[in-house]
Number of protein chains: 2
Amino acid sequence: MEHVKEYIEANKDRFLEELFELIRIPSISSETEHKQDMIKAAEYWKETIFKAGADKAEVMTTEGNPVVYGEKIINPDAPTVLVYGHYDVMPVDPLDLWKIPPFEPEIKDGKIWARGADDDKGQAFMHAKAFEFMVKTDSLPCNVKFMIEGEEEIGSVSLGKWCADNKEMLKADIILVSDTGMIAEDIPSITTGLRGLAYWQVEVTGPNRDLHSGLFGGAVANPINVLCNMIAQMTDENGKITIPGFYDDVVEISEQERAMLAKAPFDEEEYKKAIDVKELAGEKGFTTTERTGIRPSFDLCGIWGGYTGEGAKTVLPSKVFAKISTRLVPDQDHKKIAQQFKEHFESIAPACVKVEVTSLHGGQGYVSPIDMTAYKAAEKAYTETYSKKPVPVRSGGSIPIISTFEQVLGIKSILMGFGLESDAIHSPNENYPLNQFFNGIQTIPYFYKYFAEMMK
Amino acid sequence: MEHVKEYIEANKDRFLEELFELIRIPSISSETEHKQDMIKAAEYWKETIFKAGADKAEVMTTEGNPVVYGEKIINPDAPTVLVYGHYDVMPVDPLDLWKIPPFEPEIKDGKIWARGADDDKGQAFMHAKAFEFMVKTDSLPCNVKFMIEGEEEIGSVSLGKWCADNKEMLKADIILVSDTGMIAEDIPSITTGLRGLAYWQVEVTGPNRDLHSGLFGGAVANPINVLCNMIAQMTDENGKITIPGFYDDVVEISEQERAMLAKAPFDEEEYKKAIDVKELAGEKGFTTTERTGIRPSFDLCGIWGGYTGEGAKTVLPSKVFAKISTRLVPDQDHKKIAQQFKEHFESIAPACVKVEVTSLHGGQGYVSPIDMTAYKAAEKAYTETYSKKPVPVRSGGSIPIISTFEQVLGIKSILMGFGLESDAIHSPNENYPLNQFFNGIQTIPYFYKYFAEMMK
């Protein structure tokens, strides 16, 4: 274990070149034109795992994009770690805001710049390289299984069924995931909670064609005006979501727990400065950390309709569309919420328009207890690298599949993320600091070490 | 005069071919890439007027697109008619809704299909051909001046100044315009009122970049949610616009006048069926005809922001944009309204976002008295063609330049429109029935005849 630093130092250029080759594949799962890139990325992962020292590695078909599976069984009695990651990435628009072409990775200012640099090519790749180190130095203390999927950014739509179909093969003691972040580069943290997600597209239709806004304006309902009115009704003046029953299953956090969460370092002025806003906004009665960690949210992810070109075209449009998402907290059920939203949204639509609500994806929230063995092993591993104990935090993000793993496979997950908030995942100019990448590779073998020791 | 029908019959194919040549020039004034097409269209009009028999015709520069001016002075003592029209057209998107390429005119089902078929290439062209008939048959009873501009669809931004600069040259007794419609193909009508217009683009900025909606959602204001809330506040539950002072100058119509306006035939069921809406909507206390004719309106012409591609990308967007217009009625001043909107909209913006309001264009409303000579001459001219008196109507549309003419040149306009509601102007599949085109050419010379007689 103590040789891990030397090993990284000796191989760092190769590690980066191998990662870059993966990044160069534009594996955007939400865009069907990238179907072939999904297969390419999966094949590349298979090779990576195999070369790193797996006994076997294969690209397995699902109803959607393939899953890469690989394993190395050192001893049937040793504990088994199932590594989860994803090779798909988010779309790259708006492209004009990128400083570099998103699929041509570059190193600048000590960071890797590219779509997927962090989420999740960079982070998942740390596991391949940590595994390689342990195999090559004969220090692997656990059985290892890899499960790298290609649909995380579109809700892991096929993975649940694939897991159910391969339950025996996937047997493990813990699922190890690096797809989250830590508080700051000098403040390690472990994500102990994730939010769930429900996502819809809505279409509001007024007249059957674009109308002259002079001849018809004032007498025919404008679908954009109507949609805005409907959206405005979805939250109240206290920032509460108005869907009937929406908060029914929200787990209310005790004052004691809130006090604990409040201990995680948070500088509101810095936070506002980083995103250049004068004021924060959200549900009344909760702090910023609570608003993203333990409370649900309601966000418009996109909206479009009518004339969007240059100049002043007057038109009363026929249609407007919006993409709408909510982040959910334990124990909100995304399927129930999806239905509640649809019913409510349709019910508030005035008779002058037609409204169509399509549920696009969803996932449950997740809570990882801090008293489980894997948490303690991860805590010790981070302490080796950072010389300080990681802080447990609730993240506002969602990895819907994590709760599915628990339901389908009966296995808990430990979220050892090395991302930073400044990594701009899902945004233009995504990046991943080299330090985080190498610190990840350095920390992971210690997790295996302590996990194996504690499981004895 | 009695030969006009024969003349049309003998020349109809040529008339159409000449019009089509004009239509084929994609003279979209709001799109800078069509700059050259504006000049082409102006040159074509110059040739048209000249060939029809004008003493002179020229393309005159303005601060924007050129104006075509032409004249035939038969006698300094004869009354002078100044024909106004425009050679620019609206954009064509959404292009996929067109059944034919918008700049390749086709005749089908007795109609001309193309962008500009009605508005205003088809309608303005009737004047060139009616003029040609009167010159060729030596029956022109008035002096004629033509003023065909290229910026009507973007608010005639340069024409006011051009008129002021050429006031002497433009001296006339009446301005004759075909850029409006009639109630139905068997119900001739003359537009006696036009709405004014104010048009803005707004930009709402939340964070300085697109954020991960999981990590930030609930704690950082989403600009789309905020914009929707702001738009929703712009009208109240009675359909009244909430901008302070907005209705201050609205001329309230007497019960007597309302009763007169209510006489124009209107079938609400047919109206709803034609645009496929179950219910109409608008300001409480007013009929559909009143809502578009004598009351202002507030319409979102376009909106865009965030993720608008395929699938479910979760993002908390940085920016959202909207194009917003109001139609104004006499005596609302578009400049005052533009300022009132800007101030109000900025004042209701919460501190968590930045709001930028840009005024894109505007124009005043117009009222044409039914006791003026030109109205009476037009009334008699329509009666020749349709064997029934035309109905005076207030149109919801705007031709901002009409009120500018009155202010700058001191000349009233008479709006002899031959468009039909089904012409889909400003929409995909714009069309213009051949009957309307030929009836227009037939009616116009009678206007000259009666106008000359009445002005004696």
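The values are calculated or read from the model by the stated rules, or taken from the named source; none is laboratory data. Note that the coordinates shown come from a computational prediction; the quantities given were computed from them, not determined experimentally. With ideal geometry, Cβ positions are generated from the backbone for all residues, glycine too; neighbour counts draw on all protein chains shown.
Observations on the structure shown:
- Criterion: touching a Leu at 6+ places or on another chain (Cβ under 6 Å) and crowded, with 19+ Cβ neighbours inside 10 Å - qualifying residue of B:413, B:398: B:398
- Residue selected from region A:104-117 under the condition under 11 Å from residue A:434 (Cα atoms) and under 23 Å from the mean Cα position of the chain (by Cα), by the criterion farthest from the other protein chains (Cβ to nearest Cβ): A:112
- Residues being touching a residue at least 24 places away in the same chain (Cβ under 8 Å), away from every other protein chain (no Cβ under 14 Å) and assigned to a strand (DSSP E or B) are represented in region A:52-59 by at least one member.
- Counting only residues that are at the interface with chain A (Cβ under 7 Å from one of its Cβ atoms) and of a type outside the set (Lys, Arg), region B:318-332 holds 2 of them.
- Every residue from region B:107-127 that is β-branched (Val, Ile, Thr) and either loosely packed, with under 15 Cβ neighbours inside 10 Å or not in a strand (DSSP E or B) (or both): B:107
- The helices (runs of 4 or more DSSP H) falling completely within region B:150-249 that include 3 or more residues that are under 26 Å from residue B:415 (Cβ atoms) and more than 11 Å from chain A (Cβ to nearest Cβ) map to B:159-165.
- Cβ-Cβ under 6 Å pairs, at least 6 apart or on other chains, region B:255-284 side within 14 Å of chain A (Cβ to nearest Cβ), far side assigned to a helix (DSSP H, G or I) and of a type in the set (D, E, K, R): B:282/B:291; B:283/B:291
- Residue match in region B:358-368 (condition: out of contact with any strand residue (DSSP E or B) (no Cβ under 8 Å at 6 or more places or on another chain) and either surrounded by fewer than 18 Cβ atoms within 10 Å (Cβ to Cβ) or outside any loop (DSSP other than H, G, I, E, B) (or both)): no
- Test: residue in region B:425-437 that is of a type in the set (A, V, I, L, M, F, W, C) and within 14 Å of another protein chain (Cβ to nearest Cβ): yes
- Checked against (1) at pLDDT below 95; (2) in a helix (DSSP H, G or I); (3) in contact with a Lys or Arg (Cβ under 7 Å, 6 or more places away or on another chain), residue A:15 meets all criteria but (1).
- Hey, residue A:310 within 7 Å of chain B (Cβ to nearest Cβ), closer than 20 Å to residue B:229 by Cα and in a loop (DSSP other than H, G, I, E, B) or not: no
- Hey, residue A:299 within 24 Å of residue B:227 (Cα to Cα), facing chain B (nearest Cβ under 7 Å), acidic (Asp, Glu) and surrounded by 18 or more Cβ atoms within 10 Å (Cβ to Cβ) or not: yes
A quick yes/no check of all residues on (1) outside any strand (DSSP E or B); (2) within 14 Å of chain A (Cβ to nearest Cβ):
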residue	(1), (2)
B:9	yes, no
B:39	yes, no
B:46	yes, no
B:64	yes, yes
B:69	no, no
B:85	no, no
B:91	yes, yes
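- Where strands (runs of 3 or more DSSP E) sit wholly within region B:382-435, those with at least 1 residues that are modelled with pLDDT under 95 occupy B:391-394.
- Filter result for the condition that a residue is under 29 Å from residue A:158 (Cβ atoms) and touching a strand residue (DSSP E or B) at 6+ places or on another chain (Cβ under 9 Å), over A:308, A:292, A:314: A:292
- For residue A:101: the one exception among (1) under 23 Å from the mean Cα position of the chain (by Cα); (2) outside any loop (DSSP other than H, G, I, E, B): (2)
- If you go through region A:367-399 and keep only what is in contact (Cβ under 8 Å) with a residue 40 or more places away in the chain, out of contact with any Phe, Trp or Tyr (no Cβ under 9 Å at 6 or more places or on another chain) and not small (Gly, Ala, Ser), you end up with A:367, A:370, A:372, A:375, A:386, A:391, A:393, A:394.
- Condition check for residue A:74: part of a loop (DSSP other than H, G, I, E, B) and in the same structural domain as residue A:122 (by TED's automatic domain parsing): yes
- Lone unmet requirement of (1) within 8 Å of another protein chain (Cβ to nearest Cβ); (2) in a helix (DSSP H, G or I); (3) over 24 Å from the mean Cα position of the chain (by Cα) for residue B:292: (3)
- Unique residue being more than 28 Å from residue A:435 (Cβ to Cβ) and within 13 Å of another protein chain (Cβ to nearest Cβ) when the list is A:358, A:404: A:358
- Unmet criterion (only one of (1) more than 30 Å from residue A:312 (Cβ to Cβ); (2) modelled with pLDDT under 95; (3) assigned to a helix (DSSP H, G or I)) for residue A:266: (3)
- Test result for residue B:348, within 14 Å of another protein chain (Cβ to nearest Cβ) and in contact (Cβ under 8 Å) with a residue 12 or more places away in the chain: yes
- Evaluated against (1) at negative phi; (2) surrounded by 23 or more Cβ atoms within 10 Å (Cβ to Cβ), residue A:104 falls short on exactly one condition, (2).
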